[in-house]
Amino acid sequence: MLPPLTIFDIETTGLDPQRGHRIVEIAAVRLENGKILDEHFVTFVNPERDIPWDARQVNKISDEDVKNAPTIDLVLPQFLEFANGSTLIAHNAQFDYGFLESEKQYCWGFVDLPECLCTMILSRNLYPAEFRHSLDVLCKRFNLEVPVDRHRALADVLLTTQALQKMLDSGKILSFEELKKRAGVKTLAKSN
């Protein structure tokens, strides 16, 4: 039986937290007993910096959207409270989890992140003959309807969750041990 899972996604000001890029949105849903719970977590995050033009073109989040949003030191503990008692899952978890690791520094080091699994790694393990494993490719593979707000955190979380459910079914993954083996639980980022 699978334990509770928290599927999450972030949107950012850029691709590299080591270059000062920050989180601008976090969203998550919980999957328990094979069902998506009604409650979800979604919030803008004030990155305390400008959002570059190229990031705005992808996620459609503007400086105006985040100017009155809470900062990460308030949001990250709330997100972890939502995820409490579960395992995190993200698509391309190295990116998302790496940003969470980097953003911990703004929480005075009092934040511990739970382990994280990756749906991209799971896809690579279940479909080794396939060359690409992006979320867009998984949507096509599983005939998932892509919403108009694709590349916003909650829309991507819901797509990732649907793809995860399809992969759990097709891979006949019923135990947490099997999921960990196939989804590549690792220390995904350097701790600060």
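The values are calculated or read from the model by the stated rules, or taken from the named source; none is laboratory data. Quantities reported herein were computed from a predicted structural model and do not represent experimental measurements. Here Cβ is always computed from backbone atoms with ideal geometry, including for glycine, and neighbour counts include all displayed protein chains.
Each residue in the range 63-105 was checked for being of a type in the set (Ser, Thr, Tyr), over 30 Å from residue 165 (Cα atoms) and in contact (Cβ under 8 Å) with a residue 40 or more places away in the chain, and 0 pass. Looking across the range 142-160, the residues that are part of a helix (DSSP H, G or I) and under 12 Å from residue 119 (Cβ atoms) come down to 156, 157, 159, 160. Within the range 29-49, take every residue that is outside any strand (DSSP E or B) and either among the acidic types (Asp, Glu) or at positive phi (or both) and give me the one that is modelled with the highest pLDDT. Checking each candidate, the answer is 48. The residues listed here are 164, 168, 174, 126; of these, the one that is of a type outside the set (Gly, Ala, Ser) and under 17 Å from the mean Cα position of the chain (by Cα) is 164. Taken over the range 9-28, the criterion of being assigned to a helix (DSSP H, G or I) and surrounded by fewer than 19 Cβ atoms within 10 Å (Cβ to Cβ) is satisfied by 18, 19.
Within the range 69-94, restricting attention to residues that are within 11 Å of residue 23 (Cβ to Cβ) and of a type outside the set (Val, Ile, Thr), the residue that is nearest to the chain's Cα centre (by Cα) is 79.
Per the listing 105, 78, the residue uniquely out of contact with any Phe, Trp or Tyr (no Cβ under 6 Å at 6 or more places or on another chain) and at pLDDT below 95 is 105.
Beta carbons closer than 7 Å, at least 6 apart along the sequence or on distinct chains, pair a first residue in the range 131-148 that is more than 17 Å from residue 94 (Cβ to Cβ) with a second that is outside any helix (DSSP H, G or I) for 139/146.
Of 163, 189, 129, all but one fail to be at pLDDT below 95 and either assigned to a loop (DSSP other than H, G, I, E, B) or over 21 Å from residue 45 (Cα atoms) (or both); the exception is 189.
With the condition kept exactly as written, say whether any residue in the range 89-96 is more than 23 Å from residue 178 (Cβ to Cβ) and either outside any strand (DSSP E or B) or touching a strand residue (DSSP E or B) at 6+ places or on another chain (Cβ under 9 Å) (or both). Looking for residues that are more than 23 Å from residue 178 (Cβ to Cβ) and either outside any strand (DSSP E or B) or touching a strand residue (DSSP E or B) at 6+ places or on another chain (Cβ under 9 Å) (or both), one finds at least one in the range 89-96, hence yes.
I'd like to know if the range 73-89 contains one or more residues that are closer than 15 Å to residue 12 by Cα and either out of contact with any Lys or Arg (no Cβ under 7 Å at 6 or more places or on another chain) or surrounded by 19 or more Cβ atoms within 10 Å (Cβ to Cβ) (or both). Taking every residue of the range 73-89 in turn, at least one turns out to be closer than 15 Å to residue 12 by Cα and either out of contact with any Lys or Arg (no Cβ under 7 Å at 6 or more places or on another chain) or surrounded by 19 or more Cβ atoms within 10 Å (Cβ to Cβ) (or both).
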